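Worksheet: the structure to be examined is printed underneath.
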Amino acid sequence: MKKLLSLLLITILTLPVIQAQNRDYWQQHVDYTMQIDVDAENHQYSGEQTLVYTNNSPHTLDRVYYHLYFNAFQPESMMDIRSRTIVDPDRRVGDRIYNLSEDEIGYQKVRSLTQNGRAVNYETDGTVLVVDLNEPIGPGEKATFEMEWDAQVPLQIRRSGWNNAEGVEFSMSQWYPKMAEYDFQGWHPNEYVGREFHAPFGNFDVKITIDQDYVLGGTGILQNPNQIGYGYEEEGARVDRPNGDKMTWHFKAENVIDFFWGADPDFKHVTAQVPNGPKLHFLYQQPAVVEGASDEANAQYTENWEQLVDYTIGAFEYANENFGEYPYPQYTNLQGGDGGMEYPMGTLITGGRSLVSLVGVMVHEMYHSWYQNVLATNESLLEWMDEGFTSFASSETMAHLFDRDGNVHAGSYRSYNYIVQSGDEEPLITHADHYNTNSAYGVAAYSKGAVFLNQLEYIIGKEDFRNGMLRYHQTWKLKHPTALDFINIMEQESGLILDWYYEYFVQTTKTIDYGIESVVGDENKTVAKLERNELMPMPLDIVVEYTNGEKELFYLPLRMMRGEKPNETDMNRTVLKDWTWVEPTYNLVINKPASQVKSITIDPSQRLADINTENNSFDVASMLSE
Ligand SMILES: [Zn+2]
């Protein structure tokens with residue numbers, strides 16, 4: 001009986017625990033060891049990779065997928081066809097892939113692949129390698145994959161490649177066979193059409209053998225600096241290079257979602273230290289040799305890179321304080337690529353720019369170390385949490401670095417408004433690859449994503465918003481948060497219900513337009529008739545200015561938020577009866593005669609993404625004088 005009872009107890013006690021575990025957060029883990037031998041002259045390399053894959057999911061896997069991104073740079077690839085058929089192609093791509101010759105295309109050809117020492121069946125399907133496993137990988141189990149492959153680096157077209165427009169020899173991103181992500185939504189083996197990425201966290205141990213005159217930098221921390229030199233050596237150390245034409249750079253990186261590198265014989269290498277932060281590396285062409293630029297312009301570009309050092313330190317200090325601490329010991333600004341592209345612990349950015357533009361692209365890419373590399377959202381599905389959050393933080397940081405004031409996010413609101421008016425807007429839940437146009441993707445991801453945050457600050461108030469951003473970082477760093485995880489953090493921080501905000505602003509293209517339809521008054525009171533002209537509801541801040549110069553803030557809560565934000569201003573605030581989403585109009589009663597009211601303004605902070613602001617303020621004084 002006792003035994004039965006304890007058995008029963010165990011069952012009762014463990015059942016809910018098991019259920020909770022099923023809902024528990026988990027993430028996959030990868031450990032890569034790679035050796036690469038580069039034939040720099042022919043832009044090819046051969047590689048060996050050992051990948052230990054840990055299945056932390058509660059599911060059994062009988063297949064795995066790798067990305068073979070370089071295969072996109074071949075005529076008739078999906079990326080090529082997409083670029084030649086979309087109505088507004090990226091000018092960097094256009095039909096350039098279609099016109100690549102045999103020695104300019106990119107490829108990754110798998111020569112052999114084993115799982116736990118036994119050959120497996122695999123098939124290359126464009127940019128994806130499909131692997132049917134010998135033995136399934138059960139929950140909590142590891143599998144070791146060993147691969148040999150040959151690769152040709154494409155002529156620089158998009159992000160990675162050789163010989164970019166600024167003469168950088170190798171921009172090496174998306175360069176190795178990379179395990180796709182498996183998460184609570186299943187596998188994500190997206191074909192590469194030139195857009196976003198998603199990958200498991202893991203450790204990288206990478207050895208790159210290349211001609212001795214190349215200077216390298218990238219994600220990894222150099223393990224043999226005194227053998228390499230080029231400014232990596234320890235202070236006072238004697239650089240001891242091996243004999244022969246080539247040497248091997250040994251890098252390691254821990255707990256990152258990707259690994260990039262760049263190489264050029266003309267790189268200048270400079271380092272700097274962020275106080276209480278990472279060591280910074282800068283690698284850039286010296287002298288600058290930007291295609292089509294005058295000698296004078298090139299001289300300026302070189303100087304800009306020198307100035308970039310202090311701006312990068314300033315940006316990191318600002319970011320650490322406002323958006324959570326950068327968790328890695330190193331960060332590298334490396335000249336390369338075709339604009340700016342983020343990778344863990346560094347970026348590829350082009351340098352043929354004004355100082356402000358160079359700092360701007362550096363800041364933007366740096367923030368991807370917060371939004372996507374550390375808070376590793378699935379950027380294919382949540383492109384706005386990647387580019388939008390980054391744009392938001394970048395605008396604030398640029399304002400800080402260059403002493404700008406005013407509405408620093410105004411540009412994002414303008415772009416959002418533009419796409420709304422064009423009729424081409426698509427909801428933020430659209431997969432990044434699947435937007436109809438590049439411009440609809442760009443505005444959704446970068447602009448509406450930034451507006452999402454700045455408007456959220458309006459909804460819950462500055463202080464809870466700022467604390468919420470830090471809490472989000474603290475809670476989700478080095479994990480894969482979803483949009484609802486973010487909303488949940490903001491609900492906890494503010495105590496307000498926010499599911500409606502996600503539903504309207506992310507899942508739909510419904511818009512906001514509040515207006516003041518009319519104002520009537522007598523000796524005792526003034527009544528403003530407010531109207532909601534579009535479908536998305538919002539809580540409202542309304543500022544009334546009186547003829548004596550005083551201002552009063554009226555707050556109209558949205559009932560479904562079940563509360564109100566704190567007063568963010570120095571003004572006296574009156575909280576009125578809430579405006580429910582079913583009511584198209586609302587009468588705002590001001591207990592002062594109309595003759596004492598000068599003007600009434602909806603959201604003077606301009607954080608509300610109101611698509612028609614012409615009806616947002618009402619000049620009562622001029623109405624009375626008519
Ligand atoms: Zn970006």
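Observations on the structure shown:
- Taking all Cα-Cα distances within segment 418-575, those exceeding 21 Å account for 56%.
- Relative to the compact-globule estimate of 2.2 N^0.38 Å, the Cα radius of gyration of segment 81-204 comes out at 1.23.
- Sequentially through segment 565-576, phi angles give Karplus couplings (6.51, -1.76, 1.60; θ = phi - 60°) of 6, x, 5, 8, 10, 7, 6, 5, 10, 10, 8, 9 Hz, Gly and Pro residues having no value and appearing as x.
- Computed from the Cβ-Cβ distance with R0 of 35 Å, the FRET efficiency linking residue 605 to residue 522 stands at 0.70.
- Of the residues 386, 578, the one with the largest accessible area comes first in the ranking 578, 386, computed with a 1.4 Å probe on protein heavy atoms.
- Linear extension gain, residue 575 paired with residue 279, 0.36 nm per residue minus alpha-carbon span: 101.6 nm
- Surrounding net charge for residue 433, when Lys and Arg each add one and Asp and Glu each subtract one, Cβ distance under 12 Å: -2
- Distant-in-sequence amide H partners of residue 44 (H built 1.01 Å from N, under 5 Å): 39, 153
- Note on segment 310-400: Kirkwood radius taken over Cα pairs, Stokes-Einstein applied at 20 °C and 1.002 mPa s, translational D equal to 165 µm² s⁻¹.
- Take every Cα pair under 8 Å whose residues are at least 6 apart in sequence, average their separation, divide by the length of the chain, and the relative contact order is 10 percent.
- The distance separating the Cα centre of segment 133-175 from that of segment 214-257 comes to 21 Å.
- Between residue 525 and 594, the built amide H atoms are under 5 Å apart, and every one of these is 5 or more places off in sequence or on another chain.
- One Cα centroid belongs to segment 22-66, the other to segment 409-459; the line between them spans 34 Å.
- Karplus-derived 3J(HN,Hα), 6.51/-1.76/1.60, for each residue of segment 335-348, Hz, glycine and proline x: 5, x, x, 9, x, x, 8, 8, 9, x, 6, x, 8, 9
- Amide H contacts of residue 96: none lie under 5 Å away among residues 5 or more positions distant or on a separate chain (H built 1.01 Å from N in the peptide plane; Pro and chain starts excluded).
- Computed on the Cα trace of segment 198-244, the radius of gyration divided by the Kirkwood hydrodynamic radius gives Rg/Rh = 1.04.
- Once the Kirkwood radius over Cα pairs is known for segment 419-467, the Stokes-Einstein relation at 25 °C and 0.890 mPa s delivers a diffusion coefficient of 208 µm²/s.
- Taking one quarter of the surface of the C-alpha convex hull of segment 522-626 gives a mean projected area of 7.0 nm².
- Cα-only Debye scattering, the chain: base-10 log of I(q)/I(0) at q = 0.08, 0.10 Å⁻¹: -0.66, -0.95
- Restricting segment 26-106 to GluC sites (Glu not before Pro) in coil, as DSSP defines it, with at most 13 other Cβ within 10 Å: 41, 76, 102
- Segment 80-148: Rg to Rh, with Rh as the Kirkwood radius over Cα pairs: 1.17
- Along its first, second and third principal axes, ordered by size, segment 160-278 spans 52, 36, 28 Å in Cα coordinates.
- Per residue, the convex hull volume that the Cα atoms of segment 572-626 enclose (Å³): 130
- Rg/Rh for segment 233-313 stands at 1.01; both radii use Cα atoms, and Rh follows the Kirkwood definition.
- Inverse of mean 1/r across different Cα pairs in segment 397-491, Kirkwood, Å: 14.9
- Distance violations [Cα-Cα > 26 Å] among 142/207; 551/577; 529/592; 246/268; 178/448; 529/565: 178/448
- Using a Förster distance of 45 Å, the FRET efficiency for residue 124-residue 429 (Cβ separation, nearest 0.05): 0.90
- Segment 466-529: GluC sites (Glu not before Pro) in DSSP loop, at most 10 other beta carbons within 10 Å: 523
- Within the chain, helices built from complete DSSP H runs that reach 24 Å or longer along their own axis (Cα positions) and carry a mean Kyte-Doolittle hydropathy of 0.0 or higher are 2-23.
- Computed extension length for residue 303-residue 59: 82.4 nm, one decimal, from 0.36 nm per residue of separation with the Cα-Cα distance subtracted.
- Packing-based ranking of 467-478, 286-297, 600-611 yields 600-611, 467-478, 286-297, ordered from highest to lowest mean Cβ neighbour count within 10 Å.
- Charges were assigned to the Cβ only: +1 to each Lys and Arg, -1 to each Asp and Glu. The resulting dipole of the chain about its Cα centre is roughly 1820 debye.
- Phi angles of segment 101-114 translate, via the Karplus equation with coefficients 6.51, -1.76, 1.60 and θ = phi - 60°, into HN-Hα couplings of 8, 3, 8, 10, 5, x, 7, 10, 10, 6, 8, 7, 8, 10 Hz per residue; Gly and Pro are given as x.
The values are calculated or read from the model by the stated rules, or taken from the named source; none is laboratory data. Remember, predicted model here, so these are calculated numbers, not experimental data. With ideal geometry, Cβ positions are generated from the backbone for all residues, glycine too; neighbour counts draw on all protein chains shown. For the accessible areas, the whole protein counts, side chains as well, though only heavy atoms, and no ligand, DNA or RNA atoms are used. Shrake-Rupley method; radii C 1.70, N 1.55, O 1.52, S 1.80 Å.
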